[in-house]
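So the structure is just underneath, and the comments pick up after that.
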Amino acid sequence: MSFILIAFATDEGQTAKVARALADQLRDFGHTVRLSDLQDRADRPDPGLYDAVIVAASVHAGRHQKRASRFVRQHRDALVQRATAFLSVSMSAASTTDAGRQMADEQVQVFLRDARWQPQQVGTIAGALRFSRLSWVRRGITLLLAKVFRKELRRLGWPEDLTRDAEFTDWDALRRFGERFAAGLSAGSQRASG
């Protein structure tokens, strides 16, 4: 079995919740998993010490956290030598329209291009809206953007009321992501031993 690092960047906590669920699933498959919050500067493990690495980051104001792309750029040499995946957590992935889902895919492509990284597996998963956890400044910006871009948000399939906390994560989709990653690890170890 593999020793897997899941390095994640989260602001309101949904990506941490997603990372924990993914870690639990991979442990159920028999892997050893370490979670690392990229916010914690003291806990930045070396990806070179792991068999596989998953980087998870959430989207805010259209972009993934800089600390996630910094981590990837800093450890790119180690990442290209092992099984890797990128998991993007966003409201765009929760969209009910093609335009919204396309936006989620474009956000991923911008992250990967800027980080100059091409993992073996990429996934997008819907996040959560944690209005109650936003600072008063971010609440004001959210309300202003919702008012100004109401038609655009509707076109993208976002919820009408952005003032309530709501979780949109598709846990079955996350489970399928974890299954694909674990299957890739199994196939890779069989090729290596065969």
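Of all DSSP beta bridges located in the chain, what percent are antiparallel, nearest 5? Intermediate values should be presented prior to the final figure.
Details: 4 of 29 bridges.
Counting only bridges with both partners in the chain, antiparallel ones make up about 15 percent.
Any idea what the relative contact order of the chain is, in percent, if you count C-alpha pairs under 8 Å spaced at least 6 apart?
So the answer I get is 21 percent.
So if we plug the beta-carbon distance of Arg70 and Lys151 into 1/(1 + (r/R0)^6) with R0 = 30 Å, what FRET efficiency do we get, rounded to 0.05?
0.25
Which of the peptides 29-35, 122-128 is most tightly packed, and how do the rest follow, going by the mean number of other Cβ atoms within 10 Å of each residue?
Order by mean packing, descending: 122-128, 29-35.
Out of every Cα-Cα pair in the range 3-193, what percent are more than 24 Å apart? If you can, show how the numbers build up before the last one.
Values: 6931 of 18145 pairs.
When all Cα pairs of the range 3-193 are counted, 38 percent exceed 24 Å.
Order of 44-55, 85-96, 105-116, 174-185 by packing, highest average Cβ count within 10 Å first?
Result, highest mean first: 85-96, 44-55, 174-185, 105-116.
If one computes the Cα centroid of the range 41-58 and of the range 109-128, what distance in Å separates the two points?
Computed from Cα coordinates, the inter-centre distance equals 15 Å.
Once every DSSP H run of n ≥ 4 in the chain is given -39500 (n - 2.57) and the sum is divided by its residues, what mean residue ellipticity at 222 nm do you get, rounded to the nearest 500 deg cm²/dmol?
Calculated at 222 nm, the ellipticity per residue is -14500 deg cm²/dmol.
Within the chain, which whole H helices from DSSP have a Cα span along their axis of at least 24 Å and a mean Kyte-Doolittle hydropathy of -0.5 or more, if any? Each step should come with its number before you reach the end.
Values: long enough: 98-115 (26 Å, -0.64); 171-193 (33 Å, -0.47).
Sorted by number, the helices that extend far enough and score high enough are 171-193.
Would you mind getting the Kirkwood hydrodynamic radius of the range 34-128 from its Cα pairs, rounded to one decimal in Å?
Taking the inverse mean of 1/r over all distinct Cα pairs, the range 34-128 comes out at 13.6 Å.
Bear in mind these aren't lab numbers, they're just calculated from the coordinates by the rules spelled out. Everything numeric in this text was worked out from a predicted model, so none of it was measured. As a convention, Cβ positions derive from the backbone with ideal geometry for all residues, glycine included, and neighbour counts pool all protein chains shown.
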